[in-house]
Structure formats: structure tokens, C-alpha cells
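S.K.: Just passing along the structure, written as C-alpha cells.
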Amino acid sequence: MRAWIAPPFETNLYVGSIIFDQDDSTSLVEIGGRFHSTEALSLGATWRANGLEQNRLIFSVRYLY
């Protein structure tokens, strides 16, 4: 799910699961946001938690040229 909470602020949420077989599955959760300072530049941060790897905080920069 992705939503704009104000004109320059965007949030995202991802919830799911991976099923390996009938007895083994793991949950995935991702929560993040993005600040669009201009039409060409945006900064983002995302927290990702799942059962496959350690929890992570991911920072990103998107620049359109």
C-alpha cells in the first residue's frame, strides 16, 4: 500500500509472507516513507523486517535527470 499524507510526503507499507512448504513460512513487513523535495529529488527511509535476514533500515535517494 502506498499513500500520500501531504503533497511532499509519501508513505508505504508492505505486509506479506513467504511459504516454503506446508509447515514452513515466514512473515515480511516493510514500513517506509519518502520526502519529495523537488520533482527531480526525493529522499526515503524504509524499515524492513522478515524472518530471512536481520532487520534493516534502508536509506535511499532518487534523482531524475
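S.K.: For Ala45, indicate whether it is open to solvent by less than 70 Å² (accessible area, probe 1.4 Å) and within 10 Å of the chain's Cα centre (by Cα). Before the answer, list the steps.
M.R.: Working: open to solvent by less than 70 Å² (accessible area, probe 1.4 Å): yes; within 10 Å of the chain's Cα centre (by Cα): yes.
So Ala45 fits the description; yes.
S.K.: Right, something else. Please state which one of Ile19, Ile5, Ile31 is in a strand (DSSP E or B), modelled with pLDDT of 90 or more and loosely packed, with under 12 Cβ neighbours inside 10 Å. Walk me through how you get there before you give the answer.
M.R.: Details: Ile19 fails: modelled with pLDDT of 90 or more; Ile31 fails: loosely packed, with under 12 Cβ neighbours inside 10 Å.
The unique qualifying residue is Ile5.
S.K.: Leu57 - would you say it is open to solvent by less than 90 Å² (accessible area, probe 1.4 Å) and either modelled with pLDDT of 90 or more or outside any loop (DSSP other than H, G, I, E, B) (or both)?
M.R.: Values: open to solvent by less than 90 Å² (accessible area, probe 1.4 Å): no; either modelled with pLDDT of 90 or more or outside any loop (DSSP other than H, G, I, E, B) (or both): yes.
The answer is no for Leu57.
S.K.: Suppose the filter is aliphatic (A, V, I, L, M) and over 12 Å from the mean Cα position of the chain (by Cα); does Ile31 pass it? Break it down into steps so the answer makes sense when it comes.
M.R.: On the way: aliphatic (A, V, I, L, M): yes; over 12 Å from the mean Cα position of the chain (by Cα): no.
Answer is no for this residue.
The values are calculated or read from the model by the stated rules, or taken from the named source; none is laboratory data. The structure displayed is predicted, hence computed values, not measured ones. All Cβ positions, glycine included, derive from the backbone under ideal geometry; neighbour counts span all protein chains shown. Surface accessibility is based on the protein's heavy atoms, side chains included, excluding ligands, DNA and RNA. Shrake-Rupley method; radii C 1.70, N 1.55, O 1.52, S 1.80 Å.
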